[in-house]
Amino acid sequence: ASPTPLALSSHLTWTVDQLAVGGVLTFVYSVRSDSGLAIGTLLWNRAQVSVANDTNLLNNQAQVLSQIFGQADVEVIKSPDKPIVKQGEMLTYTIKVVNHGPSLAEDADVKELLPQGLAMQSLQTSQGACVDHICQMGAMPVSDTVYITVVTKVDPSLPLGTVLTNTAVAFSDTPDAN
């Protein structure tokens, strides 16, 4: 902002020497909320002006309400225990889930999307619980890492040379831009 504000606790103060009658002065500033604020917290932003000999004090302040929203960056990395499998063999995948932040990933889930030709044998997570093809990990703090182990069996009648593309997708109640 220009001029540079004077910061007093949670207040910013600007001093302007002159403003012509009918003139407009715009201040643009950015703030970062405390990372400890709960998602959904409401914050009031108030602006107030004062000048000597002001004849209308009713238009000297304004306020706006903002709400804290988190943002997580949940990454999923999946790797098989072997690159080539034979019909009827067991194939184990390890899914690594990491919250890169900057906020808590609330109610994080991973959905395992097995392709045709693979049958689920077991699904386990290092945090939370798995049911069917979904692992519910709950809240994931920033830098938290969860490992999911997926044991599958390759269909004995799967045609030779079939390419198996196995996908896992992460979900969270906290917005994730990608």
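Are any of the residues in the stretch 38-49 within 30 Å of Ala105 (Cβ to Cβ), surrounded by 10 or more Cβ atoms within 10 Å (Cβ to Cβ) and of a type in the set (Gly, Ala, Ser)? Checked the stretch 38-49: no residue is within 30 Å of Ala105 (Cβ to Cβ), surrounded by 10 or more Cβ atoms within 10 Å (Cβ to Cβ) and of a type in the set (Gly, Ala, Ser).
Filtered by the rule that a residue be surrounded by 17 or more Cβ atoms within 10 Å (Cβ to Cβ) and among the aliphatic types (A, V, I, L, M), the stretch 159-178 gives Ala168, Ala170.
The numbered conditions (1) touching a Ser or Thr at 6+ places or on another chain (Cβ under 9 Å); (2) part of a strand (DSSP E or B); (3) surrounded by 12 or more Cβ atoms within 10 Å (Cβ to Cβ) are all true for Glu75 except (1). Take the conditions (1) farther than 30 Å from Cys130 by Cα; (2) open to solvent by 80 Å² or more (accessible area, probe 1.4 Å); Pro83 misses just one of them, which is (1). For the stretch 147-158, the set of residues classified as open to solvent by 30 Å² or more (accessible area, probe 1.4 Å), without any contact (Cβ under 8 Å) to a residue 60 or more places away in the chain and either in contact with a Gly (Cβ under 6 Å, 6 or more places away or on another chain) or not polar (S, T, N, Q) (or both) consists of Tyr147 only. It is to be established whether one or more residues within the stretch 23-30 are open to solvent by 70 Å² or more (accessible area, probe 1.4 Å), under 29 Å from the mean Cα position of the chain (by Cα), under 28 Å from Phe69 (Cα atoms) and at pLDDT below 75. No, the stretch 23-30 has no match at all. Select from the stretch 71-90 the residues that are among the β-branched types (Val, Ile, Thr) and free of Cβ contacts under 8 Å to residues at least 12 places away in the same chain and list them in ascending order. Ile84, the sole residue that qualifies.
Is it true that some residue in the stretch 122-129 is touching a His at 6+ places or on another chain (Cβ under 6 Å) and under 25 Å from Asn178 (Cβ atoms)? Among the residues of the stretch 122-129, not one is touching a His at 6+ places or on another chain (Cβ under 6 Å) and under 25 Å from Asn178 (Cβ atoms), which makes the answer no.
The values are calculated or read from the model by the stated rules, or taken from the named source; none is laboratory data. Please read all numbers here as calculations on a predicted model, not as lab measurements. Glycine also receives a Cβ, built like all others from the backbone with ideal geometry; neighbour counts cover every protein chain displayed. Ligands, DNA and RNA are stripped out before the accessible areas are found, and what is left, the full protein with its side chains, is counted by its heavy atoms. Shrake-Rupley method; radii C 1.70, N 1.55, O 1.52, S 1.80 Å.
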